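The values are calculated or read from the model by the stated rules, or taken from the named source; none is laboratory data. All values derive from a computational prediction rather than experimental measurement. Using ideal geometry, Cβ is built from the backbone for each residue, glycine included, and neighbour counts are taken over all protein chains shown. For accessibility, only protein heavy atoms count, side chains too; no ligands or nucleic acids. Shrake-Rupley method; radii C 1.70, N 1.55, O 1.52, S 1.80 Å.
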Amino acid sequence: MMDARFKNRLSWKKALRMPAPALLSLYYMASIVLGAILLWLPISHHGDIGLSEALFTSTSAVTVTGLALADTGAAFTVFGQAVIAALIQLGGLGLMTFAVLLLGALGISVGMPQRLVLREDLNQTSLSNLTYIARMILIIAVACEAIGAALLALVFVPEFGWSGLWQAIFHSISAFNNAGFALHPDSLSQWVGNPIINLVIPVLFILGGLGFIVVGDVFRTRSWRKLTLHSKLMLVGTAVLITWGSVMFGLLEWRNPETLGHLSAADKLWASWFQGTTPRTAGFNTIETGGMHDSTSMLTMTLMLVGGGSTSTAGGIKVTTLFVLLLATVAFFRRQTTLHAFGRSLGVDEVMKVLALTTISMLLVLTGIFVMLINHDGQFIDVAFEVTSAFGTVGLSRGITGELDGIGRGIIMVIMFVGRVGPLAIGFFLATRSVPKVKYPAGQIYLG
């Protein structure tokens, strides 16, 4: 009996010694399973949701992706929609953020194991000020979502009555967390020319995609010169990507009758702005995504792969990763050994990290596309779009989500999970330093 108890204690100790990324992955998995059970209950839907659909929806919500097998507003009851909103909030702001804040509210000190997991959840390299960051994240999120809901209510309440208030709250939570879940079968297409929808929704997911560190830095300093290098890169990078995406979408789709062609000039501009910003892992749409040209789909896939910022509700390889790669390319052609941006320098370590992250991300996306095409031959652009959207936790689709078979759904769920948790786990290994015990003589290889 004593030996059995001793072995059980050892097994618990070994479990507690699991790496932080592994624990974080388990927390996300547990949330997905719990969410699936809740969504499967009869009180959550109108009878058309099975366990498979509930699991897919829960995975999409926790990973703040937005891909859906059924119309969220029609298939789920208000209780089911509330569960989805709660899962989006948990997944977007980070499970450990809520756990740490709850422990603090109960007067329980946050130990080192919880801090290690929180550090991975927030994509930080230091253990200091984690509780402060978690509190700041919650304050920023609640403030932005409350203001967003109040503004969206000006549109939804007059149109749908007091039930529009819930729609305003749901869409505000979904937008700020870059989830892309909507309560209408055409997402937000019926408001393609509405100024409030076209301003409030993008502002919410841009703020959420910038990252809580950037938003806090801007609010605290209120001066461009005092901003950190990360904040400057994020702000400039976000502005460049949004401008590029909006202008190119308008140019490519201006005469396409299936997207912008039938709209007025003003509505075309609104739609171009919205569709140029939403690939930053937001997932909403105001036009028929499946009707886009292949060139526009490729543009959208590129933006979805980049995503938003670190410590944000967005996915993708992140804006700073892209711009460090561009800076490294410029430095190579200039024969520079260090990178320079806004009066600051970046070393080789940063370049190695972004190269590793980008390489792994590209391999995962290409592998996902390859495996999906085995069962969905002849749908290359649709499948590639779906996989990229899942990895970037975006939620945009060309309309094949509901057509996926069981294997296809399983692959997309795995990609969504890896797209949300994977970069956090990769960050753990990139932040771990190891000193080689053996050094080898230099060699030469020929490149290019």
Rounded to whole angstroms and listed largest first, the alpha-carbon spread of segment 47-93 along its three principal axes comes to 31, 20, 15
Sum up the charges of everything whose Cβ sits under 10 Å from the Cβ of residue 343, counting Lys and Arg as +1 and Asp and Glu as -1, but leave residue 343 out. +3
Listed by chain and number, the residues whose amide H is under 5 Å from that of residue 45, excluding neighbours fewer than 5 places away on the same chain and using placed H, are 77
Using only the heavy atoms of the protein chains and a 1.4 Å probe, how would 255, 222 rank by accessible area, largest first? 255, 222
Sparse-neighbour loop sites [trypsin sites (Lys or Arg not before Pro); segment 318-362; at most 11 other C-beta within 10 Å; DSSP]: 334, 335
Using a 1.4 Å probe and ignoring any ligands, DNA or RNA, find the accessible area of residue 224 and quote it in Å² to the nearest 10. 120 Å²
Through the Karplus equation 6.51 cos²θ - 1.76 cosθ + 1.60, θ set to phi - 60°, convert the phi angles of segment 53-61 into ³J(HN,Hα) values in whole Hz; use x for Gly and Pro. 5, 5, 5, 5, 5, 5, 4, 5, 6
How far apart, in nm, are the 7 Å Cα→Cβ label points at residue 220 and residue 348? 3.2 nm
Can you give the FRET efficiency for residue 243 and residue 269, using 1/(1 + (r/R0)^6), R0 = 22 Å, r = Cβ-Cβ distance, to the nearest 0.05? 0.95
Would you mind getting me the FRET efficiency between residue 377 and residue 186? Use the beta-carbon distance for r and R0 = 41 Å, nearest 0.05. 0.90
Residues in segment 350-375 near a label at residue 338, defined as backbone nitrogen under 17 Å from the 7 Å Cα→Cβ point? 350-352
The answer for segment 184-331, accessible area per residue at 1.4 Å probe in Å², is 38 Å²
Heavy-atom accessible area order for 145, 350, largest first, 1.4 Å probe: 350, 145
Taking a straight Cα-to-Cα line shorter than 19 Å from residue 226, and setting aside same-chain aspartates and glutamates fewer than 8 residues away, one finds 217
Taking all protein chains together and a probe of 1.4 Å, list 90, 366, 346 from the most accessible to the least accessible. 366, 90, 346
For residue 183, the net charge from surrounding residues (Cβ-Cβ under 13 Å; K, R +1; D, E -1) works out to -3
Rounded to the nearest 10 Å², the accessible area of residue 293 using a 1.4 Å probe with every protein chain kept is 80 Å²
Surface accessible to a 1.4 Å probe, residue 200 within the full protein complex, Å²: 20 Å²
